[in-house]
1. Go through R119, R139 for me and flag whichever is within 25 Å of N102 (Cα to Cα), among the basic types (K, R) and in a helix (DSSP H, G or I).
2. Which of the residues that make up region 154-193 are among the charged types (D, E, K, R) and not in a helix (DSSP H, G or I)?
3. Kindly indicate whether E97 is of a type in the set (D, E) and more than 22 Å from the chain's Cα centre (by Cα).
4. From (1) free of Cβ contacts under 8 Å to residues at least 40 places away in the same chain; (2) touching a Lys or Arg at 6+ places or on another chain (Cβ under 9 Å); (3) closer than 30 Å to T81 by Cα, pick out the condition that doesn't hold for V114.
5. State which residue pairs qualify: first residue at positive phi and inside region 67-90, second residue surrounded by 15 or more Cβ atoms within 10 Å (Cβ to Cβ) in any location, beta carbons under 7 Å apart, and separation of 6 or more residues or different chains.
6. Starting from residues that are among the aliphatic types (A, V, I, L, M) and crowded, with 18+ Cβ neighbours inside 10 Å, keep the ones in region 93-112 and report whichever is nearest to G149 (Cα to Cα).
7. Give me the residue from region 36-68 that is touching a helix residue (DSSP H, G or I) at 6+ places or on another chain (Cβ under 6 Å) and over 19 Å from V90 (Cα atoms) and, out of that set, surrounded by the fewest Cβ atoms within 10 Å (Cβ to Cβ).
8. Looking for whichever is at pLDDT below 95, surrounded by 11 or more Cβ atoms within 10 Å (Cβ to Cβ) and out of contact with any Pro (no Cβ under 6 Å at 6 or more places or on another chain) here; the options are R198, R141, R176. Which one fits?
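The values are calculated or read from the model by the stated rules, or taken from the named source; none is laboratory data. As the structure is a computational prediction, the values presented were derived from the model and not from experiment. Note: ideal-geometry Cβ built from the backbone for every residue, glycine included; neighbour counts use all protein chains shown.
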Amino acid sequence: MTIYYPMMMKLWGRPCVVIGGGKVAERKVASLLEAGGEVTLISSVLTPRLSSLVKAELIRQIPRQYRKGDLAGAFLCVVATNDRTLQKQVAQDAREEGVLANIVDSEESCDFLVPSYFRRGDLVVSISTGGKSPALAKRIRRDLEERFGWEYEALLKVLSSLRPRIVEEVKDPARRRSILEKVADPELLDLVRETDPRSLPDKVWAYLMAP
């Protein structure tokens, strides 16, 4: 059994190669762009959405089939095609080039898996079944999306601005730790839901500083 190491990866400015031009490739490209990756797409046929990204110069297209050497200089690659021969070739080339590879629907050939996930601002919740059941991971994600609403994004945005102030003004380590632990209080989330966003920083500060 393969045990995967969970991690959050910085992709900003890193070269990423996606092979394929269909709907799966479209989703992969979207998530890579969201994380700031510099995407090169290798495919002669593209979905309308991918074509629009190429025209807007948000991604680069190589309009042909994959060739050995196309991964040179890449940080990671994604193979979004069900061509098994091509999948095996790219996986082998990626290992030779030292490029991390994600091969769609071929867990045994992957260096990394992309979990089912959702964002609430800086909060990212991801679920993986190790490639055994993407449908189950998707179901769990949907359940959690209902539980973790917009208030988590709003709270984290406020906390990111208040944390330096807490560190600066609260000198006692035990007191500071106690204050920072209060951010997990359910009552604080209720406060976020009920408060005008313009006055939220002051209300959260008052809540955290209360004895």
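1. Numbers: R119 fails: in a helix (DSSP H, G or I).
Only one candidate qualifies: R139.
2. Keep residues of region 154-193 that are among the charged types (D, E, K, R), which gives 157, 163, 165, 168-169, 171-172, 175-177, 181-182, 185, 187, 190, 193.
Answer for region 154-193, where residues must be among the charged types (D, E, K, R) and not in a helix (DSSP H, G or I): K171, D172, D185.
3. On the way: of a type in the set (D, E): yes; more than 22 Å from the chain's Cα centre (by Cα): yes.
Spelling it out, E97 is indeed of a type in the set (D, E) and more than 22 Å from the chain's Cα centre (by Cα).
4. Evaluating V114 over (1) free of Cβ contacts under 8 Å to residues at least 40 places away in the same chain; (2) touching a Lys or Arg at 6+ places or on another chain (Cβ under 9 Å); (3) closer than 30 Å to T81 by Cα leaves (1) as the failure.
5. Every condition considered, the pairs that remain are G73/P15.
6. Filtering region 93-112 down to residues among the aliphatic types (A, V, I, L, M) leaves 94, 99-101, 103-104.
Remaining after also requiring crowded, with 18+ Cβ neighbours inside 10 Å: 94, 99, 101, 103-104.
Numbers: A94: 39, V99: 36, A101: 33, I103: 32, V104: 30 Å.
The qualifying residue nearest to G149 (Cα to Cα) is V104.
7. So, considering only residues that are touching a helix residue (DSSP H, G or I) at 6+ places or on another chain (Cβ under 6 Å) and over 19 Å from V90 (Cα atoms), the one surrounded by the fewest Cβ atoms within 10 Å (Cβ to Cβ) is R49.
8. R176
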